[in-house]
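The values are calculated or read from the model by the stated rules, or taken from the named source; none is laboratory data. What you see is a predicted model; the values in this text were computed from it and never measured. Note that we place each Cβ from the backbone using ideal geometry, even for glycine, and neighbour counts take in every protein chain shown. Accessible surface is based on the protein model in full, side chains and every heavy atom, while ligands, DNA and RNA are left aside. Shrake-Rupley method; radii C 1.70, N 1.55, O 1.52, S 1.80 Å.
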Protein chains: 2
Amino acid sequence: MDIPLHHEEHLKSSDVLTDVVIGMSDGLTVPFALAAGLSGAVDSTHIIVIAGIAEIAAGSIAMGLGGYLAGKTEQDHYNSEVKREFYEVENLRDREIAETKEFFASIGLSKELQDKATEEIAKDKKQWVDFMMKYELGLDRPDPKRATKSAMNIGLSYIAGGLVPLSPYFFVHSPIDGLKISVVVTLLCLFIFGFFKSRITGVNPWQGATRVMLIGAFAAGAAFGVAKLFEG
Amino acid sequence: MDIPLHHEEHLKSSDVLTDVVIGMSDGLTVPFALAAGLSGAVDSTHIIVIAGIAEIAAGSIAMGLGGYLAGKTEQDHYNSEVKREFYEVENLRDREIAETKEFFASIGLSKELQDKATEEIAKDKKQWVDFMMKYELGLDRPDPKRATKSAMNIGLSYIAGGLVPLSPYFFVHSPIDGLKISVVVTLLCLFIFGFFKSRITGVNPWQGATRVMLIGAFAAGAAFGVAKLFEG
């Protein structure tokens, strides 16, 4: 067993990294698979480039703004729950006292300490609400700038990821030639990306890298097959 | 202010709904925008249908398997952290004691109760590790079947969502005619979807519905513009 790190370390820097992983993961995979699918069904790389560019625009906006919306929703949800907790602490004090005792019972404290700890926490309403938000509801106060940052990170990562599988089609005329280069380049990038992603999330990097690459290959293969099917 | 519900209610059923929202949100938006983008750049709906089908295959697999991988990663991460905590409780007892006291200090307990509560929790190692996992690290024990279920839910929701904007192109010959029907049908669906999604997440439904619809419209507009640009 390697030397245990402070856990806090791997939980801190992960906001931006999570965004990049989300954006790049789909950015590398979906435009890759779309282009692969079209390669089996159309005669010119021109159509593939247009479809790929349209997909990257669509995907980056949908995912980026999706991330923005998710961030905003998280904030709205947090604010409405804070209001509700203040209301409950004020008007349904007995129930909140019972819930707080339940919490202390659930972590294994004795009846005596449940009562004492609840009494101490309930002295200060703000502190009590903070406690309920975090440990009864499991909600952390969201960073107000997070939604915008998240949108940018996810959207740009999607574009960066999407240009990798698409770029070979800019330079060749035959879709199948483009596909060959795209497959090699993209599977390599997916492997490298999967490797680093796995290291961040604490998974075995070789295994994680292989998984990520196989998903990409499988998505591309399925898109190719399905497009062939509908081409006829 | 309306009557407060038990919070537990809106946190329980949300696993499946979260998956459906994730899948359908992108499923309605990305194939819609891709088809819209191509409508401005190609002459036949045939290409749009092939590209759309390829995109739905690619997107559903990438998102579904992405969900699977995320679930698996969460499990692996949880398991490795449990091991680490058991190791620390065994071999770095003083530090763990200090961390546990810190927790009780952070929620506002007096020095006396911090010591007593820590002593009680540390009596049982399994209970102590459970506590540290949940409240120091904020990790919940993941449902082992969750990864597979999540993959299915997200993938199928993406397909269901994606067929909505694409279906008009099956029935008309002119891309622009297809686009007109697709825009009306999809924006309507996005509005309805956004409405229910907002109700689940506790956002104002009309505002949420408008936001979701605008993201779709914006993504489709951008894809249309970008595809037009590259068409020339």
Q) Just checking, how many residues over segment A:87-114 are in contact with a Lys or Arg (Cβ under 7 Å, 6 or more places away or on another chain) and more than 10 Å from chain B (Cβ to nearest Cβ)? A) 1
Q) When you scan segment A:158-232 for helices (runs of 4 or more DSSP H) that lie fully inside it, which ones turn up with 3 or more residues that are open to solvent by 30 Å² or more (accessible area, probe 1.4 Å) and farther than 22 Å from A:A54 by Cα? A) A:175-201, A:205-231
**Q.** Residue tally, condition facing chain B (nearest Cβ under 7 Å), open to solvent by less than 20 Å² (accessible area, probe 1.4 Å), within 30 Å of A:D140 (Cα to Cα) and modelled with pLDDT of 85 or more, over segment A:33-70
**A.** 2
Q.
Conditions first: (1) over 30 Å from A:P165 (Cα atoms); (2) more than 10 Å from chain B (Cβ to nearest Cβ); (3) not hydrophobic (A, V, I, L, M, F, W, C). A:T73 passes all but one, so which condition is the exception?
A. (2)
Q. Out of all the residues in segment B:42-54, which are part of a helix (DSSP H, G or I) and among the β-branched types (V, I, T)?
A. B:T45, B:I47, B:I48, B:V49, B:I50, B:I53
Q) For segment A:55-146, list the helices (runs of 4 or more DSSP H) that sit wholly inside it and hold at least 3 residues that are closer than 27 Å to A:I22 by Cα and β-branched (V, I, T); which are they? A) none
Q | Subset of segment B:180-232 [modelled with pLDDT under 90 and among the hydroxyl-bearing types (S, T, Y)] | A | B:S198, B:T201
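Only one of B:E99, B:E81 is farther than 24 Å from B:K145 by Cα, modelled with pLDDT of 85 or more and open to solvent by less than 30 Å² (accessible area, probe 1.4 Å). Can you tell me which?
On the way: B:E81 fails: farther than 24 Å from B:K145 by Cα.
After applying the criteria, what remains is B:E99.
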